[in-house]
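First comes the structure, then the notes that go with it.
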Amino acid sequence: MPVPETQLQLLYEITKAITDSLDLRESLSDVLAKLKEKLGMVRSAITIFDPVTETIRIEYSHGLPKETTRKVFYKIGEGITGTVVQTGEPVIVPRIDKDPRFLNKTKSRPDMHKEKISFICVPIKLSNNVIGTLSVDIPYKGADALKRNVRLLDIVASIIAQAVQLTRAIEEEKNRLLDENLQLRNELQRRYHIEGIIGNSSKMQEVLELVRQVASSNTTVLIHGETGTGKELIAHAIHYNSLRSKRPFVKINCAALPENLLESELFGYEKGAFTGATRSRKGRFHQADKGTIFLDEIGDMPLSLQAKLLRVLQFKEFEPLGSNETCKVDVRVLAATSKNLEDEVKAQRFREDLYYRINVFPIFIPPLRERKDDVILLADFFLEKYSNANGKQIRRISTPAIDMLMSYHWPGNVRELESCIERAVLVCNGDVIRAEHLPPSLQTAVEPEKPSGATLPGAVENLEREMILEALKSAHGHQSRAAKMLGITLRVLGYKIRKYNIDPKIYSAKLPAI
């Protein structure tokens, strides 16, 4: 039987009401209002079945008192609503005043014995599972009209079911993303915890103490040091140990973009501000609002932009490109540079007023050649990292290879060391990184050692020294544990340590949790 045109129009409007809004309560309330408007249904309600409590409650209604519906619930099989949930089949009551199954729990029909009112209740199903009901009060107009209305309400219930399914899927995805976001934030806070940063040398400990002092404040920090020393790592540590740790951490490299692009990246632009600006876009400062922005290689920022940056630092405001509107932001600025900014100021390549504004709390990261105590700790960390990443079981670095690492001057600092260990892991087919696995640039760092088998005493000494180093690494520098592992007394171990000029302290720092 074809669907009447009025009902087709109603179905179209109901579908549109649901698709136009992601707010399920708003769209379903609109659906019930349209049923009254188009079909003259006096009252209507949508119930939802809670499988945990095994109760059915009115979630959305039209024409029913809200203060009453909040308190009403049905058990499975109770009344007409409970029966529909139990059987999954629609129920038609031609006259509610003559059917004892009609309970009138909402007390919204005081004259039900005087009015000729019909009641229709249809199930709302998802994958053949009943999740609720759609019910309506409608003036009695005969059996044929009731049957037509049941067919229509079945279609409407199917549309409602799809809306509920979509909303649940969106809610599940939202919760998944929230959980994932929280997990990532916790991971970042754990990764960049101050205690997790590798560095047992006195110079690195001084750096970490400065990070502890400044992290909880809103002070602008200037991190300077050679390329590859870990300036970005320190910036991460400052942010994720600050009161802004749950807010955005936005990074931009000032040396990586030309002047015109850097300005639009930092401050954003309005539609039509320049050729190709077909829409407005927020800049990095806007994205970092209430959080932290990290300006890497700030010494390469053009002079024209330095004036704008100075204004942001002083007044917390700026104008996007092509806009006359002033944007206010609350952003903490961390900056880093590998240049000597004092020399840049003298050469008039960097504004003196900006230099003093960002140099409130300077932190200098010493080059790796000045903190040789950290080389082995870093090498062991990178060895574990890249062994796991490449599915290899490389346990340690041999003594000759360690000597090479310790003797090299590391012009590329930690970044070069990491690349060196990654390469060594890739070319190593055994369980020990040896001298031949290191890059050619390190091969000349020390004089080639005599083959261990050249003389028997020499071979014994090499083996003894290597075993002591391995035990100290495994015991994180704890000499008593190392002696126990080697099966010798602490006194004998102390003698051997002095003989081979070994410093146990370089193995005593904890490896990071990253």
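The values are calculated or read from the model by the stated rules, or taken from the named source; none is laboratory data. Predicted model only: the values in this text are computed from it and were never measured. Methodologically, a virtual Cβ is constructed for each residue, glycine included, from the backbone with ideal geometry; neighbour enumeration extends over all protein chains shown.
Remark: pairs (first residue in segment 47-63, on the phi > 0 side of the Ramachandran plot; second residue surrounded by 12 or more Cβ atoms within 10 Å (Cβ to Cβ) and of a type in the set (Val, Ile, Thr); Cβ separation under 9 Å; 6+ apart in sequence or on different chains) = 54/76; 63/42.
Residues of segment 377-423 that are more than 32 Å from the chain's Cα centre (by Cα) and in a helix (DSSP H, G or I): 399, 400, 401, 402, 403, 404, 405, 406, 407.
Quick one: would you say residue 448 is of a type outside the set (D, E, K, R), surrounded by fewer than 19 Cβ atoms within 10 Å (Cβ to Cβ) and modelled with pLDDT under 85? Yes: the conditions hold for residue 448. Could you please let me know if residue 222 is at pLDDT 90 or above, under 21 Å from residue 413 (Cα atoms), more than 25 Å from the chain's Cα centre (by Cα) and surrounded by 15 or more Cβ atoms within 10 Å (Cβ to Cβ)? Criteria met by residue 222.
Which residues, taken from segment 159-193, are of a type in the set (Asp, Glu) and modelled with pLDDT under 70? Across segment 159-193, the qualifying residue is only 187. Checking the condition outside any loop (DSSP other than H, G, I, E, B) and modelled with pLDDT under 90, which residue from 198, 155 passes? The unique qualifying residue is 155. When segment 123-152 is limited to residues that are touching a residue at least 24 places away in the same chain (Cβ under 8 Å) and assigned to a loop (DSSP other than H, G, I, E, B), the one that is nearest to residue 105 (Cα to Cα) turns out to be 140.
Residue under question is residue 86, and the condition is that it be among the polar types (S, T, N, Q) and touching a Leu at 6+ places or on another chain (Cβ under 8 Å); does it hold? In short, no. For first residues located in segment 493-514 and surrounded by fewer than 16 Cβ atoms within 10 Å (Cβ to Cβ), partners that are part of a loop (DSSP other than H, G, I, E, B) and modelled with pLDDT under 70 and lie 6+ apart or on another chain with Cβ distances below 9 Å form the pairs 513/193; 514/192; 514/193. In this structure, does residue 396 turn out to be at pLDDT below 90 and either among the charged types (D, E, K, R) or over 18 Å from residue 197 (Cβ atoms) (or both)? When the stated conditions are applied, residue 396 passes them.
Does residue 407 satisfy the condition of being more than 30 Å from residue 335 (Cα to Cα), free of Cβ contacts under 8 Å to residues at least 40 places away in the same chain and surrounded by fewer than 16 Cβ atoms within 10 Å (Cβ to Cβ)? For residue 407, the condition - more than 30 Å from residue 335 (Cα to Cα), free of Cβ contacts under 8 Å to residues at least 40 places away in the same chain and surrounded by fewer than 16 Cβ atoms within 10 Å (Cβ to Cβ) - is met. Residue 255: buried (at least 21 other Cβ atoms within 10 Å of the Cβ), under 28 Å from the mean Cα position of the chain (by Cα) and of a type in the set (A, V, I, L, M, F, W, C), yes or no? Criteria not met by residue 255. Here residue 45 meets the list (1) surrounded by fewer than 19 Cβ atoms within 10 Å (Cβ to Cβ); (2) within 20 Å of residue 151 (Cβ to Cβ) almost entirely, failing just condition (1).
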